[in-house]
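First the structure, in the form of structure tokens, and then the observations on it.
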Amino acid sequence: MNRLGFKNILIIVVTGLLILALGLTCYLSITKLEDTTKTTLVSNIIRSSQYESKNLQGYIKSHSEPVIKLAELYSKYDYQTGHEKYMEIAQTVTDITKLTLGFDDGRSYTSRASESFPGGVGILSKYDPRTRSWYQLGKKSAGLKLSEVFATKQGALLLLAVHPVAGGVVASDVRLTHLQTVLEGIDIAEDSVGIIVDQKGMVLASTTAIATTQDQVQDISELSGFANRM
């Protein structure tokens with residue numbers, strides 16, 4: 001997973017790793033707990049952290065590898081036409097939500113038709129891939145790269161897996177909406193809470209009202225201790 005730079009894209013926080021499973025109250029008073037209790041809680045946190053981290057890495061990997069394969073096919077066969085159909089086929093046979101292909105001359109194609117992409121073919125006046133950060137990231141890369149996490153206009157969190165092709169870049173959506181479900185399914189201690197943030201401190205998922213999606217953990221006074229250790 002190192003090739004994906006996962007640790008530089010998604011940092012899962014909790015006493016250094018995944019979940020604030022001790023909860024705010026426990027966090028503030030952990031030094032008062034008996035050594036045995038602390039050891040058990042920390043052990044549970046680490047074990048769950050490692051397990052869920054592997055699951056998340058596997059999820060991102062499975063949504064990134066098709067981009068590598070698609071780039072390899074473009075290199076092998078030098079496709080010149082029908083790009084929107086190749087995007088649609090690649091999406092159909094994988095679990096990817098959407099694939100987008102852009103070229104240096106401004107042409108763009110996607111696996112999902114929209115107002116800007118009728119029939120999967122982009123309208124340059126409405127969508128110029130060359131101005132997009134994912135395209136610029138791909139052009140600077142020799143292989144697969146992951147973008148920073150960002151929010152769509154609808155508020156959905158995702159990152160893009162990008163890979164250069166001849167004269168352009170192909171990208172795949174890696175949606176992170178399932179992180180909330182993952183977090184809510186982890187039960188380590190009674191009244192525990194969990195928060196997942198990216199490398200810049202943006203909250204991606206949370207089970208506590210003090211931290212909501214897209215908040216910056218650095219701005220949350222109750223979590224300043226964790227934020228300072230990031």
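The values are calculated or read from the model by the stated rules, or taken from the named source; none is laboratory data. Fair warning: this is a prediction, and the values are worked out from it, not measured in the lab. No Cβ is skipped: glycine too gets one built from the backbone with ideal geometry, and neighbour counts run over all protein chains shown.
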Result of the Cβ filter at 7 Å on region 175-187, keeping first residues that are β-branched (Val, Ile, Thr) and partners that are assigned to a loop (DSSP other than H, G, I, E, B), at least 6 apart or interchain, is THR177/ALA156; ILE186/ILE19; ILE186/GLY194
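Table: residues versus (1) assigned by TED's automatic domain parsing to the domain that holds SER48; (2) at pLDDT 80 or above.
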| site | (1), (2) |
| --- | --- |
| GLY143 | no, yes |
| LEU159 | no, yes |
| PRO164 | no, yes |
| ASP187 | yes, no |
| ALA205 | yes, yes |
Screening LYS69, LYS85 for residues that are surrounded by fewer than 18 Cβ atoms within 10 Å (Cβ to Cβ) and not assigned by TED's automatic domain parsing to the domain that holds LEU159 leaves only LYS69
With under 20 Å from the mean Cα position of the chain (by Cα), surrounded by fewer than 13 Cβ atoms within 10 Å (Cβ to Cβ), small (Gly, Ala, Ser) and modelled with pLDDT of 85 or more as the only criterion, which of SER147, SER133 stands out? SER133
Screening THR110, THR92 for residues that are under 18 Å from VAL162 (Cα atoms) and not acidic (Asp, Glu) leaves only THR110
Residues in region 105-141 that are small (Gly, Ala, Ser) and either over 18 Å from SER172 (Cβ atoms) or in contact with a Phe, Trp or Tyr (Cβ under 8 Å, 6 or more places away or on another chain) (or both) total 7
